[in-house]
Amino acid sequence: MTESSLQDRFEIIFDDSAYCFTTPSNIRYQIIFVDYTNVLNISAPIYMLTIERYISQKCGKKYDSRIQNTILHIIREFFSANENAMISIYDIDDGRQANRKRLFDSWFDRYNTCLIKEEREVEINDRKTVATLLYSSTNKHQSELISGFNQIVENNFYC
């Protein structure tokens with residue numbers, strides 16, 4: 001991800017272990033990295049990415065590139081600060097997990113410069129979605145990360 005292409009973004013506030021920002025349409029985003037190292041029983045640091053969106057009123061679906069830029073900036077900072085890895089599952093609640101995957105894939109393809117992406121199909125509550133593992137191409141724990149990721153996918157994220 002190049003910094004110059006992500007300059008136009010929302011102000012980020014770190015609030016109670018979450019990165020938060022609010023759009024002009026009063027949509028609040030909360031990005032949380034939950035430590036999953038002990039859950040996977042591995043020594044390499046790995047976190048679960050959660051992106052929550054809170055809508056306080058009915059609003060139109062206007063595209064705003066600053067949302068993308070802000071989320072990607074937070075993820076970029078996450079990887080630049082430490083030799084971490086990140087797992088994520090596309091939310092199934094509204095049936096739009098395939099749309100979320102396509103969106104993230106387009107972001108990844110456009111802005112990725114040093115991350116490796118592993119994907120696995122997973123079934124949660126009888127609904128199919130995709131789980132993603134991201135880690136730096138220089139991460140020394142790649143095989144351990146993949147093994148832990150595969151283990152939790154096989155258990156459908158039930159530990």
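Read-outs: derived from the displayed coordinates by stated rules, not from any lab. Just so we're clear, the structure is a prediction, and the values are computed from it rather than from any experiment. Positions of Cβ are backbone-derived with ideal geometry, glycine not excepted, and every protein chain shown enters the neighbour counts.
Summary table below
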| read-out | value |
| --- | --- |
| Contact order normalised by residue count of the range 7-65, Cα under 8 Å, 6+ apart, percent | 27 |
| Chymotrypsin sites (Phe, Trp or Tyr not before Pro) lying in DSSP loop within the range 62-159, provided at most 13 other Cβ fall within 10 Å | 63, 158 |
| Residue (of 41, 72, 10) at the positive-pole extreme of the range 2-94, dipole from beta-carbon charges | 10 |
| Added length on full extension, which subtracts the Cα-Cα distance from 0.36 nm per residue, residue 57 to residue 119 | 18.9 nm |
| Reachable aspartates and glutamates from residue 117, criterion Cα separation under 13 angstrom, eight or more residues apart if same chain | 105, 109 |
| Loop-resident sites, the range 86-159, for trypsin sites (Lys or Arg not before Pro), counting at most 16 other Cβ within 10 Å (DSSP) | 96, 140 |
| Cα-based Rg / Dmax (Å) for the range 10-159 | 15.6, 46 |
| Centroid-to-centroid separation of the range 64-113 and the range 10-34 [C-alpha atoms, Å] | 14 |
| Positive minus negative residues near residue 127 (Lys, Arg vs Asp, Glu; Cβ under 12 Å) | -4 |
| Rounded to the nearest 20 debye, dipole of the range 4-154 from Cβ charges on Lys, Arg, Asp, Glu | 620 |
| Interatomic Cα distance distribution for the range 71-141, bins of 5 angstrom, percent | 3, 15, 26, 24, 16, 11, 5, 0 |
| Calculated FRET value between residue 106 and residue 151, using beta carbons and R₀ = 35 Å, to 0.05 | 0.75 |
| MRE, 222 nm, helices only [DSSP H, n ≥ 4, -39500 (n - 2.57), over the chain, to nearest 500] | -9500 deg cm²/dmol |
| Percent of alpha-carbon pairs separated by more than 14 Å within the range 6-53 | 59 |
